[in-house]
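Here, each number is a calculation from the coordinates, and none is a lab measurement. Here the structure is a predicted model, which means the values were calculated and not measured. FYI the Cβ positions are ideal-geometry reconstructions off the backbone, even for glycines, and counts take in every protein chain you see.
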Amino acid sequence: MLLIPSIALKEGRAVGTDGQPYREKPEDFAARLIDAGISRLQLVDEDSLATENATVLAAVERIANRVNGAALQVVSGVKEEDDVQSHLDAGAHWLVLGHRAASAPHVLKDLCLEYPGHILIGMNVRDGRMAGDAHSKLPNHELVDLAEHFQSDGVSGIIYQDIDDSGAPVGLNEATVREIAGAVSVDVFVAGHIVSMAALEAACRLADADVAGAIVNGALHDMDFTAARRLVEESD
């Protein structure tokens, strides 16, 4: 499994789960994680998730230049081809799209065709159904059926996360993750409330289900990432 720290970006600055900015520049923080042996990072464009407008391209470029070729995936609310290309040009390897792209007719498939190998899909799951806007049909479908549909659209991976009614991440439903990972051949990653070594150890139990990696999206300044990386590597 891979260990993938997730850095939230707002107005070009790295922020914690409380929305407060870190003193450290995003590129300095990213470089420190790479020094701990991390090979892949996730960047979350918090602004674009609300507006669908890309706001972190300059930050992505600075981070990409600083981390010496480490792989970057960017979570974004954009769904236009030009926006995808702009992220790739800035140094991202993958763009993680969400329910907006998945629920719009043909958008996800068209982007996968245009940028093969560069599109991941995020599955935020609430009460056993994929979360979506009020008009979305996504919550009406079984999760495994959706995962298989996303695979047929051409995504190169799926990021699974359980959330509560407010949208905050919660603990993983391991049985559902195993079911999805067993149904598709693309990479499946897990995210959620992985904010401690104990939670990370629980996520590592999914290595035997061929889960490709665990995304840590909280307590980044408090976790010993050298030890965390070793824990994940030992689970393989």
| Are there trypsin sites (Lys or Arg not before Pro) in segment 19-96 that DSSP puts in a loop and that have at most 11 other Cβ atoms within 10 Å, and which ones? | ARG23
| remark: Which of (1) 12.3; (2) 16.5; (3) 11.3 gives mean projected area of the Cα convex hull in nm² as computed here? It is (3)
| field | Axial C-alpha extent at least 30 Å, average Kyte-Doolittle at least -1.0 - helices from the chain (DSSP) | value | none
| query | Taking other Cβ within 10 Å of each residue's Cβ, how do TYR22, TYR160 sort, fewest first? | reply | TYR22, TYR160
| task | Order by neighbour count: HIS149, HIS87, fewest other Cβ atoms within 10 Å first, most last. | result | HIS149, HIS87
| Efficiency of FRET from Cβ geometry, VAL144 and SER86, R₀ 35 Å, rounded to 0.05 | 0.55
| task | Among ASP162, ASP153, rank each residue by its count of other Cβ atoms within 10 Å, from fewest to most, as a rough exposure measure. | result | ASP153, ASP162
| request: Pairs of Cα atoms under 8 Å, at least six residues apart: use those to get the relative contact order of the chain, whole percent. | output: 19
